[in-house]
1. How would you rank 165-177, 192-204, 360-372, highest first, on the average number of other Cβ atoms within 10 Å across their residues?
2. Roughly what angle does helix 348-357 make with the longest principal axis of the chain, taking Cα atoms, 0 to 90 degrees, to the nearest 10?
3. Could you sort the peptides 327-334, 213-220 by per-residue average Cβ neighbour count (10 Å cutoff), highest mean leading?
4. Semi-axes of the equivalent ellipsoid for the chain, please: Cα gyration tensor eigenvalues, times 5, square-rooted, ordered largest first, whole Å.
5. Measuring from centroid to centroid over Cα atoms, what is the spacing of the range 129-161 and the range 87-120 in Å?
6. Who wins for biggest fluctuation among 266, 50, 335 in a Gaussian network model of the chain, springs between alpha carbons below 10 Å?
7. Picking from 57, 48, 76, which is most flexible by a Gaussian network model of the chain using Cα springs under 10 Å?
8. Take every Cα pair under 8 Å in the chain that's 6+ residues apart, average their separations, divide by the length, and report that relative contact order as a whole percent.
Ligand code: SF4
């Protein structure tokens, strides 16, 4: 086979990295990266967008070091039995590419993952070496996100954290049974063991930083993970339960949900169809409810339907409110912040504004309307000075009235 030049390798290894959602913001439109054509494509040459720890949206070069892999995860296009074109960057090549893109102002950092070559330790060494070249040889101050390999020696994972701003370890599937079936070379206990090690190292580095000004940083952007949705039989209730346990146990910054997408040359054990993308969106919304709206995982699970999945036609917050109508209406002039956050259509910003405004005056329906995108969604669930919904929350057709029209996009935050 003729040797590949850098551009050909980039084409292969950027395309192979696009299945990993754990550096990206959710909800961006799908763009075909094949051929890297067009202006403004987020993936064409391996550039994706992510949020830095300080909240800035940054562009990252998102590549694999190699798509060769000795593992055979059924859902992965790079598995050893897959018939794809393979390529491999040396650490020096990956570092040079990052620097070239950085100097041209295309990117502000690197997201580096890899298939497993030779062994987990060898691969992790290569990834750490890439980050080392950038940080030590070139004093690279940009953002680095390293995907670490749970089977690698913990010392190598530790070194990765010393160079990276964020590290991530994918749990891959929501249940241990799913992992055993679809990723037979991986081990749930090993994955969680590695996440536990990273959590301890982050905590230790923070403590040392308080005591010693020059203590080394360790993954100051924390750790994240990714779960594939729809490749196995796990329900949304299973996924929410797993995500909440991961947040609690390992203090993760983010859990990313990636709707399984049928890959070329797919394994026969996988479903033929991808789950609706809306399912992934509903999971992000439920994640949001747990992280910013004070919902317990148990409450999010209460919003699921008989099959354990969140409804697709309405968001989980509205689904919960419709199931627990006895908790409404909520008086916007008296209710606690916690209860106001339960009102469908009221986001965190609107609730903060309501609380600030009601210190000075008694709010009317119009005042609330000015703070929301759709007062129609809010109205059945609130009481204001001039508004009381009477029997509205008892209506059997309330769900149909409030469900967005099929083609209409929803705002994420409400
Ligand atoms: S370890 Fe599994 S998921 Fe990762 S590249 Fe190899 S086959 Fe794909």
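What follows is calculated from the coordinates using simple rules that are stated; it is not laboratory data. What you are looking at is a predicted structure, and each value in this text was computed from that prediction instead of being measured. Glycine gets a Cβ as well: all are built from the backbone with ideal geometry, and neighbour counts include every protein chain shown.
1. Details: 165-177: 22.6, 192-204: 17.7, 360-372: 15.8.
The most tightly packed comes first, giving 165-177, 192-204, 360-372.
2. It works out to around 40 degrees.
3. On the way: 327-334: 18.1, 213-220: 14.5.
The most tightly packed comes first, giving 327-334, 213-220.
4. Details: eigenvalues 346, 117, 83 Å².
Equivalent-ellipsoid dimensions as semi-axes: 42, 24, 20 Å.
5. 11 Å
6. The residue that fluctuates most here is 335.
7. Ranking 57, 48, 76 by mean-square fluctuation puts 57 first.
8. On the way: 705 pairs, mean separation 44.0, N = 414.
This gives 11 percent for the chain.
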